[in-house]
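Everything on this sheet refers to the single structure shown next.
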Amino acid sequence: MVISDRLSQIPDSYFGKTMGRKIEPGPLPLINMAVGIPDGATPKGILDCYAEAIYKPENQKYVAFHGKETFKQAIVDFYKRQYDVELDKDEEVCILYGTKNGLVALPTCIVNPGENVLLPDPGYTDYLAGVLLADAKPQPLVLKPPYYLPQWHMIDKDVLLNTRLVYLTYPNNPTGSVATKDVFDKAIAQFQGTKTKIVHDFAYSAFGFDYKNPSILQSKGARDLAIEVFSLSKGYNMSGFRVGFAVGNKDMIQALKKYQTHTHAGMFGALQDAATFALNHYDDFLVSQNEIFKVRRDKFTAKLKEASIPFEPMNGGIFLWLKTPKYYDGETFETYLLKEKSILVAPGIPFGEHGQDYVRISLAVDEDSLMEAAERIQSLKHLYEAE
């Protein structure tokens, strides 16, 4: 096999291995609760805008590397409207061909070999690849139940001194935990005046069930050391479009933009037009998306509570973090659920060492399937009683 030493040291992507693989469920109809995107359709207005934009001659040629002025302005207007955060569209906005690209590229842009990068554990699996590609050192930012928030005083001081970048993500994938503005205030205060920068992955921004999810950029001094990465995939049901953006600290944004001039030749203009239309016209859709998943959360967790099946509080996002029975870890319980109950979930292990005894359950399924899955899981009450 021809592969570089650097690439060979990086574990295979969990989702790269599993998406599209052949599934062999048990005797019941399969319910796929491993999917990481909302199940609804892209709003018709966005599709219509995209379809029309394809035919525009200017969209059939190269566009400006750093994005159309209309798209960047829509991002600025959206952040002002939603979070009362003012941004400079030229200095503090970077358009991304999918937020994963930006999140994985960032360490190469701003971290030197041998420097530490703190990764949430549990947290999104693919941050690690970006750290290893930059020859940096991944260090765990351990998040403990039930609320999975950073405890900065628990991190070794020598680790912190050599830390160049910290990843945060709220609502958290996979735990469904959320952060308040106070959490971000403390994170900014922790690293103010140091060489450490913060990236907040805001992929599930639309989904906050008890209160609206804050932006890290609302915290005083945030733009001195933080950027936020925003995705249109989840809130707008646009995952296949692969559109997102980073906003915040000028130096980090400029580093990302320089990197992209060498790896991309500008985002397809029609995609930018569709994303612009979404940001400008679908604030109400974000509210309805949140309500859909809040209702699903309430109904699904009510069923689990009836059977006394343990799970962590799900206050945002689209995932529920389910504790495994005593004699199972995440991988063996994933196999059991698939073979015995025909439910496909994601094991917690790929999300970090502290996901060992959990599975991640997506609520991105229709209500009938959701309730059927809840009843199947209820029938496993005896496994938990064995504890």
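The values are calculated or read from the model by the stated rules, or taken from the named source; none is laboratory data. All figures in this text were calculated on a predicted structure; none of them were measured in a lab. All Cβ positions, glycine included, derive from the backbone under ideal geometry; neighbour counts span all protein chains shown. To get the accessible areas, we keep the full protein, side chains included, count just its heavy atoms, and leave off ligands, DNA and RNA. Shrake-Rupley method; radii C 1.70, N 1.55, O 1.52, S 1.80 Å.
Within the range 179-197, not a single residue is within 29 Å of Phe268 (Cβ to Cβ), touching a residue at least 12 places away in the same chain (Cβ under 8 Å), hydrophobic (A, V, I, L, M, F, W, C) and in contact with a strand residue (DSSP E or B) (Cβ under 7 Å, 6 or more places away or on another chain). Looking only at the range 233-253, which residues are in contact with a strand residue (DSSP E or B) (Cβ under 6 Å, 6 or more places away or on another chain) and over 13 Å from Leu103 (Cα atoms)? Selection gives Gly248, Asn249. Look at (1) modelled with pLDDT of 90 or more; (2) part of a loop (DSSP other than H, G, I, E, B); (3) not hydroxyl-bearing (Ser, Thr, Tyr) and you find that Lys72 fails only one, number (2).
Selection of the range 114-127 for residues being open to solvent by 10 Å² or more (accessible area, probe 1.4 Å) and among the aliphatic types (A, V, I, L, M) yields only Leu119. Take the conditions in contact (Cβ under 8 Å) with a residue 24 or more places away in the chain and touching a Ser or Thr at 6+ places or on another chain (Cβ under 7 Å) and apply them to Leu96. Does it pass? Judged against the criteria, Leu96 is not a match.
Scoring Val85 on the criteria (1) modelled with pLDDT of 95 or more; (2) open to solvent by 20 Å² or more (accessible area, probe 1.4 Å); (3) part of a loop (DSSP other than H, G, I, E, B) leaves a single failure, condition (2). When Lys234, Lys220 are checked against the criterion of being in a loop (DSSP other than H, G, I, E, B), within 15 Å of Val85 (Cβ to Cβ) and open to solvent by 20 Å² or more (accessible area, probe 1.4 Å), Lys220 stands alone in meeting it.
Filtered by the rule that a residue be of a type in the set (D, E, K, R) and either closer than 13 Å to Asp329 by Cβ or in the same structural domain as Met238 (by the TED database) (or both), the range 343-380 gives Glu353, Asp357.
Candidates are the residues of the range 47-62 that are part of a loop (DSSP other than H, G, I, E, B) and touching a Gly at 6+ places or on another chain (Cβ under 9 Å); the one that is farthest from Leu256 (Cα to Cα) is Lys56. Can you find even one residue in the range 51-62 that is modelled with pLDDT under 95, touching a Lys or Arg at 6+ places or on another chain (Cβ under 6 Å) and not assigned by the TED database to the domain that holds Arg360? No, the range 51-62 has no match at all. Selection over the range 135-149 of residues that are assigned to a loop (DSSP other than H, G, I, E, B) and surrounded by fewer than 21 Cβ atoms within 10 Å (Cβ to Cβ) gives a count of 6. Please enumerate the residues belonging to the range 336-349 that are in contact with a strand residue (DSSP E or B) (Cβ under 9 Å, 6 or more places away or on another chain) and at negative phi. Leu337, Leu338, Lys341, Ile343, Leu344, Val345, Ala346, Pro347, Gly348, Ile349 - these are the residues of the range 336-349 that are in contact with a strand residue (DSSP E or B) (Cβ under 9 Å, 6 or more places away or on another chain) and at negative phi.
Listed by position, the helices (runs of 4 or more DSSP H) inside the range 272-387 whose residues that are open to solvent by 20 Å² or more (accessible area, probe 1.4 Å) and among the acidic types (Asp, Glu) number at least 3 are 283-306, 330-341, 367-378. Does Thr301 satisfy the condition of being of a type in the set (Val, Ile, Thr) and in contact (Cβ under 8 Å) with a residue 40 or more places away in the chain? No; evaluated as a whole, the condition is false for this residue.
Residue by residue, here is whether (1) buried (at least 17 other Cβ atoms within 10 Å of the Cβ); (2) in a loop (DSSP other than H, G, I, E, B) holds:
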position	(1), (2)
Asp12	no, yes
Pro29	no, yes
Ala34	yes, yes
Gly45	no, no
Ala64	no, yes
Glu91	no, yes
Lys100	yes, no
Asn112	no, yes
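Considering only residues in the range 237-269 that are within 19 Å of the chain's Cα centre (by Cα) and among the aromatic types (Phe, Trp, Tyr), the one that is most open to solvent (accessible area, probe 1.4 Å) turns out to be Phe241. Checked against the criteria, Pro146 does not count as outside the structural domain of Ser362 (by the TED database) and in contact with a strand residue (DSSP E or B) (Cβ under 6 Å, 6 or more places away or on another chain). The number of residues in the range 202-246 that are of a type in the set (Asp, Glu) and closer than 30 Å to Ala53 by Cα comes to 1.
Looking at Val199, Val178, Val183, which one is among the aliphatic types (A, V, I, L, M), assigned by the TED database to the domain that holds Ala255, closer than 25 Å to Asp298 by Cβ and not in a loop (DSSP other than H, G, I, E, B)? Selected residue: Val183, the only one of Val199, Val178, Val183 that is among the aliphatic types (A, V, I, L, M), assigned by the TED database to the domain that holds Ala255, closer than 25 Å to Asp298 by Cβ and not in a loop (DSSP other than H, G, I, E, B).
Only one entry of Leu132, Leu106 meets the criterion of being open to solvent by 20 Å² or more (accessible area, probe 1.4 Å) and within 23 Å of Gly36 (Cβ to Cβ), and that entry is Leu132. Put simply, of Val159, Val166 the only residue that is out of contact with any Asp or Glu (no Cβ under 8 Å at 6 or more places or on another chain) and part of a strand (DSSP E or B) is Val166.
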